[in-house]
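Take a look at the structure set out below.
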Amino acid sequence: MRTEATAMAATDRTSEGPLADPVFAERYRAMSARDARFDGQFITGVHSTGIYCRPSCPAVTPKPGNVSFYLTAAAAHEAGLRACKRCLPDAVPGSPEWNVRDDLAARAMRLIADGTVEREGVPGLARRLGYTSRHLNRVLTAELGAGPLALARAHRAQTARLLLTGTDLPITDVAFAAGFSSVRQFNETMAEVYRLTPGAVRAAARRSPAAVHRQQGAVTLSLRLPARAPFDGAGLLGFLGARAIERVESTTTGPDGPGYARALRLPHGPAAVRLTLTGSAQAPAVQCDAALADVADLAPLVARVRRLLDLDADAEAIDAALASDPALAPSVAAAPGLRLPGAVDADEIVFRALIGQQVSVAAARTALARLTDALGEPIALSAPVSFSRLFPTATAIAEHGRDVLRGPARRIDAIIGVAEALADGSLSIDVGESRDDLERRLLALPGIGPWTAGYIALRVLGSPDILLTGDLALRQGAARLGLPSEPRALAAYGARWAPWRSYAGLHLWRV
């Protein structure tokens with residue numbers, strides 16, 4: 001039985017022609033219409049020219065017999081194709097597939113984007129996913145058209161292009177920041193993927209790169225991260241700002257409007273980031289100003305910011321599906337492009353959920369700020385926004401949390417128990433988890449119920465189909481729309497919103 005990737009990548013050469021394949025035909029129509037909504041969702045490979053493009057590329061539409069479609073740039077590279085210099089197919093939002101899907105391939109792609117292969121190699125990636133390297137390579141090649149090394153290599157090339165076109169970082173520094181082990185490997189990869197030298201990629205950029213500065217041991221830079229329209233960025237930044245922990249997060253104001261900033265822990269050290277909205281309604285984007293202890297953390301920073309803001313979601317498809325329910329249609333029309341708030345630190349979301357259970361947002365912020373003041377790691381990053389603390393580690397909470405936490409003893413016991421499990425490695429939470437496994441392991445711990453497990457899965461994994469029917473505010477929103485508010489009845493009604501029940505829940509929260 002053919003996988004979807006095989007069906008997309010292999011053009012049907014039978015007498016009926018390639019358009020006889022419904023998957024191929026759908027994507028060929030989107031490409032022929034130059035529909036930008038599909039940019040990033042698949043790649044068009046044109047074998048007559050040896051290039052691959054985004055679906056909206058303005059070039060002459062190729063004949064069906066000369067076209068193959070791919071889910072990843074790595075698969076196109078493996079087929080001997082190079083990136084189009086005209087449409088820059090990797091300068092678009094990423095594929096929403098990796099959040100919608102929860103299979104091994106999707107989990108691997110989330111970890112690859114976070115830089116796991118660069119830090120731990122393919123054996124480390126396979127170990128995190130619970131499979132052998134050989135089995136992982138076999139599955140990814142069958143599903144995505146390329147193995148983990150090729151997928152990581154394509155991701156490094158995309159990170160390098162982002163640095164070359166968006167900053168004035170020296171080319172040698174770009175090579176190592178993107179994860180390449182040598183300048184020679186970097187040059188060879190860029191020549192193979194783009195048919196250009198790194199310097200030529202930079203020279204072809206359509207805008208002046210932002211300056212990169214080094215001060216107080218940190219590297220500061222600015223990048224522009226594209227989003228898929230429609231994008232309710234203001235609503236998302238407002239959600240994050242309303243829950244900001246003092247000394248770790250803040251809301252910002254500036255000439256570009258409101259923004260959100262925070263400190264975070266990355267593999268090679270602390271970082272601070274300020275996010276503001278830019279672009280247009282048709283081509284929204286987020287301006288990301290960052291200070292990094294090590295520029296090698298750029299790739300995981302970008303991956304985590306994109307997940308935090310859900311920039312790759314197929315918002316138009318989600319809105320269309322939810323608006324088909326008359327009860328939700330007015331909310332969708334009033335706030336198109338709602339996004340799921342994600343996470344830059346999985347452990348932090350666990351403690352936010354545990355401490356925020358059955359208390360107000362304001363009370364949770366106060367408790368989290370007190371915990372951070374007492375146990376958070378001090379930092380000294382003054383750009384782009386000054387922060388003094390990182391959120392406490394699980395180890396710090398396990399060792400000293402009882403001295404700081406307040407409330408019922410059973411609640412404190414539950415928080416400390418989870419902290420101890422995270423600290424000793426018996427509980428691990430990251431973007432490589434499947435939703436079912438994550439929720440099952442969380443529910444086995446004392447003090448964690450369905451709401452907490454579901455909320456953690458929603459924030460950490462970006463799972464699009466979780467309806468938190470036990471949430472009081474969500475049920476109140478349902479009642480205001482004339483929908484059932486009793487959990488079982490709401491769950492039964494909400495089945496019609498699948499596979500976008502997480503986004504439906506955002507609309508219920510909103511009202």
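Using only Cα atoms, tell me the angle between helix 361-375 and the longest principal axis of the chain; keep it within 0 to 90° and round to the nearest 10.
Roughly 90 degrees, rounded to the nearest 10.
Using every pair of alpha-carbon atoms in the chain, split the distances into 10 Å bins beginning at 0 and state the percent of pairs per bin, rounded to integers.
Answer for the chain: a P(r) of 4, 18, 29, 28, 16, 5, 1, 0 percent.
Expressed in nm to one decimal, what extension gain is obtained for the pair A374 and A283 from 0.36 nm per residue of sequence separation less their Cα-Cα distance?
Here the answer is 28.5 nm.
State the answer as a single residue: which of P464, V359, P93 lies farthest towards the positive end of the charge dipole of the chain, with beta carbon charges of +1 for Lys and Arg and -1 for Asp and Glu, about the Cα centre.
Of P464, V359, P93, it is P93.
Taking a quarter of the surface of the Cα convex hull of segment 37-182, what do you get in nm²?
9.2
Nothing charged except the Cβ atoms of Lys and Arg (+1) and of Asp and Glu (-1): what's the magnitude of the dipole of segment 30-122 about its Cα centre? Round to the nearest 20 debye.
Once rounded to the nearest 20, the dipole reads 440 debye.
Between S386 and A444, what's the calculated FRET efficiency when r is the beta-carbon distance and R0 is 56 Å? Round to 0.05.
The calculated FRET efficiency here is 0.85.
Just grab the label-to-label distance for D103 and A320, each label 7 Å out from Cα along the Cβ direction, in nm (one decimal).
Distance between label points: 2.3 nm.
What range in the chain is the longest one free of trypsin sites (Lys or Arg not before Pro) that are in a loop by DSSP and have at most 12 other Cβ atoms within 10 angstrom?
208-405
Could you tell me the distance between the Cα centroids of segment 39-73 and segment 274-329, to the nearest Å?
Going from one Cα centre to the other spans 25 Å.
Report the label-to-label distance for T61 and R86 in nanometres (one decimal), using points 7 Å from each Cα along the Cα→Cβ vector.
Simple spin-label model gives 1.5 nm for this pair.
Between R480 and A33, how many nm apart are label points set 7 Å from Cα along the C-beta direction?
3.5
Between R119 and A205, take the C-beta separation as r, use R0 = 30 Å, and let me know the FRET efficiency to the nearest 0.05.
Plugging the Cβ-Cβ distance into 1/(1 + (r/R0)^6) gives 0.60.
Using the alpha-carbon atoms, what tilt in degrees (0 to 90, nearest 10) does helix 22-32 show relative to the longest principal axis of the chain?
Taking the Cα atoms of the chain, the angle to 22-32 is about 80 degrees.
Could you list T61, T167, T278, T253 in order of exposure, starting from the residue whose Cβ has the fewest other Cβ atoms within 10 Å?
T253, T61, T278, T167
Could you list S388, S68, S324 so that the one with the fewest beta carbons within 10 Å of its beta carbon is first and the one with the most is last?
Least to most surrounded, the residues fall as S324, S388, S68.
Taking the Cα of D437, stepping 7 Å toward and past its beta carbon, and measuring to each backbone N in segment 139-162: which are under 19 Å?
Counting only backbone N, you get 139-144, 148-149.
Taking other Cβ within 10 Å of each residue's Cβ, how do V92, V361, V23 sort, fewest first?
So the ranking, lowest neighbour count to highest, is V361, V23, V92.
Determine ³J(HN,Hα), in whole Hz, for all residues of segment 338-344 in sequence, where each value follows from phi through the Karplus function 6.51 cos²θ - 1.76 cosθ + 1.60 and θ = phi - 60°; x replaces Gly and Pro.
For segment 338-344, the Karplus curve yields 4, 10, 6, x, x, 8, 9 Hz.
State the cysteines of the chain left without a partner when partners are defined as other cysteines whose beta carbon lies under 4.7 Å away.
C288
Round to the nearest 0.05 the FRET efficiency obtained for T366 and A327 when R0 = 35 Å and r is the Cβ-Cβ distance.
0.50
Would you be so kind as to identify which of A73, V60, L129 lies farthest towards the positive end of the dipole of the chain, taking Lys and Arg as +1 and Asp and Glu as -1 on Cβ and the Cα centre as origin?
Working it through, the farthest residue towards the positive pole turns out to be V60.
Grab the other residues whose beta carbon is less than 11 angstrom from that of G50, score K and R as +1, D and E as -1, and report the net.
Net local charge, G50 excluded: +2.
Any idea what angle helix 183-194 forms with the longest principal axis of the chain, computed on alpha-carbon atoms, 0 to 90 degrees, nearest 10?
Here the helix axis deviates by roughly 70 degrees.
Could you quote the convex hull projected area for segment 214-312, Cα atoms only and averaged over all directions, in nm²?
Projected area, direction-averaged: 6.2 nm².
How big is the charge dipole of segment 392-440 about its Cα centre, in debye rounded to the nearest 20, if each Lys and Arg gets +1 on its Cβ and each Asp and Glu gets -1 on its Cβ?
340
Bear in mind these aren't lab numbers, they're just calculated from the coordinates by the rules spelled out. As the structure is a prediction and not an experimental result, all values here were calculated from the model. Note: ideal-geometry Cβ built from the backbone for every residue, glycine included; neighbour counts use all protein chains shown.
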